1. Please go through region 85-101 and pick out each residue that is surrounded by fewer than 16 Cβ atoms within 10 Å (Cβ to Cβ), within 20 Å of the chain's Cα centre (by Cα) and either under 12 Å from R157 (Cα atoms) or free of Cβ contacts under 8 Å to residues at least 60 places away in the same chain (or both).
2. State whether one or more residues within region 169-185 are assigned to a loop (DSSP other than H, G, I, E, B), modelled with pLDDT of 90 or more and of a type in the set (G, A, S).
3. Across region 188-213, what is the number of residues that are under 22 Å from D6 (Cα atoms) and among the acidic types (D, E)?
4. Restricting to region 79-100, name every residue that is farther than 19 Å from F196 by Cβ and either in a helix (DSSP H, G or I) or in contact with a Gly (Cβ under 6 Å, 6 or more places away or on another chain) (or both).
5. Considering region 104-161 alone, what residues qualify as being in a helix (DSSP H, G or I) and among the small types (G, A, S)?
6. Taking the conditions exactly as written (modelled with pLDDT under 90 and not aromatic (F, W, Y)), does P77 satisfy them or not?
7. Run M53 past the list (1) in contact with a Gly (Cβ under 9 Å, 6 or more places away or on another chain); (2) surrounded by 18 or more Cβ atoms within 10 Å (Cβ to Cβ) and report the number of the one that doesn't hold.
Amino acid sequence: MTAFVDFNQVWLAYNEELLAANQFAVEDITLKVGQGEFIAIVGPSGCGKSTFMKLATGLRMPSKGSIRIGGEAVTGPLKISGMAFQAPSLLPWRTTVNNVLLPLEIVEPYRSNYKAKRAEYEARARDLLKSVGLAGYEDKFPWELSGGMQQRASICRALIHEPKLLLLDEPFGALDAFTREELWCALRDLHAAKGFNVILVTHDLRESVFLADTVYCMSKSPGRFVVKRDIDLPRPRDLEVTYTPEFTGIVHELRGHIGANRQAVGQPVNAAAPATALAQ
C-alpha cells in the first residue's frame with residue numbers, strides 16, 4: 001500500500017554554511033504513514049519536532065532526501081494541509097464563524113467561488129463549530145471566548161477547507177488539564193468522523209498515547225526518530241482508559257526512552273518490546 005506521508009532519508013540544514021559543516025537540524029528521517037493514520041511525535045525540547053513540521057507542510061525543503069505526501073512530491077507549501085498551533089491566533093475583529101471561514105477566502109478553489117457560495121460555506125463552518133461544542137458561540141468575538149473555545153475554533157479553521165492532512169504543533173499546551181482533555185475528545189471525534197491524517201507534535205505523553213495510532217520519539221538535536229511505538233489500545237478511547245495499567249505502562253515506557261535520549265545525544269535506544277528502536 002502506498003504511504004500517504006512518505007519521508008525518505010530526509011536531512012535538513014538551515015543554510016549552506018551549516019550544510020557545508022554537516023550541521024543538521026534533523027537527520028536521516030524515514031517515515032511512512034498510512035491513509036487516515038494519526039501519529040504523534042514526542043521528544044525533548046530542541047529535538048527538531050517543529051522542524052519536522054515545516055518539512056511536512058512544505059515550508060522548508062530538505063537538504064537531502066525526498067518527501068511525498070498524498071502521492072505527490074513536496075516542492076512547496078501544501079494546499080491539502082491544515083495547521084493549528086499552541087496560540088489560536090484568531091483575528092480579534094472577526095467573529096468566530098468568520099475566523100473559521102478565513103481559509104476559504106484565501107485557498108483555491110474556494111477563493112474563486114467564495115462570494116457565490118458564501119451561504120454554503122458559512123453553513124459548513126457553523127456545522128463544524130457545532131461538532132466541537134461551539135453552537136451558540138458562532139457570532140461571538142474571540143475576546144468573548146475562553147482559551148479552550150478559541151482553540152476549538154482554531155482547529156475548525158484548520159479543517160474548514162477539508163484538508164487531507166492536519167498538522168498540530170502543541171495545540172493544547174497552554175490550556176488547563178480539564179480543558180485539554182475535553183479537546184482531546186473533540187479531536188478524537190473529528191478524526192473518527194472525517195478520516196483525515198494527523199501529525200501531532202506534543203510534549204504531553206498522555207496526550208500522544210490517548211490520541212495517536214503510533215508515537216515516534218525523537219532524539220536531541222540533530223533530531224532523528226529513535227523509537228516507534230504502536231499504540232494498540234482499542235478505539236474508540238474514552239478518558240477512563242488513561243487510568244488503566246496498560247495506558248500508564250505505555251506512558252512510562254515512552255518517558256524512559258526520552259529520558260535516555262536526553263543523556264545520549266542522537267543515539268538510538270534499545271526499545272523494550274513492543275516499541276521498535278529505529279537504528280538508522
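The values are calculated or read from the model by the stated rules, or taken from the named source; none is laboratory data. Remember, it's a predicted structure, so these values are computed and weren't measured experimentally. Please note: Cβ atoms are built from the backbone with ideal geometry, for glycine as well, and neighbour counts cover all protein chains shown.
1. Correct list: S89 only.
2. no
3. Going through region 188-213 one residue at a time, the tally reaches 1.
4. Step one: of region 79-100, the residues farther than 19 Å from F196 by Cβ are 86-99.
Residues satisfying the conditions are Q86, T96, V97, N98, N99.
5. Residues of region 104-161 in a helix (DSSP H, G or I): 104-106, 110-113, 118-131, 142-144, 147-159.
Matches in region 104-161: S112, A119, A123, A125, S131, G147, G148, A153, S154, A158.
6. On the way: modelled with pLDDT under 90: yes; not aromatic (F, W, Y): yes.
Yes, satisfied.
7. Evaluating M53 over (1) in contact with a Gly (Cβ under 9 Å, 6 or more places away or on another chain); (2) surrounded by 18 or more Cβ atoms within 10 Å (Cβ to Cβ) leaves (1) as the failure.
Listed here are the residues, each with its yes/no results for (1) farther than 21 Å from V5 by Cα; (2) surrounded by fewer than 24 Cβ atoms within 10 Å (Cβ to Cβ).
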{"position": "K164", "(1), (2)": "no, yes"}
{"position": "L183", "(1), (2)": "yes, yes"}
{"position": "A186", "(1), (2)": "yes, yes"}
{"position": "V215", "(1), (2)": "no, no"}
{"position": "V227", "(1), (2)": "no, no"}
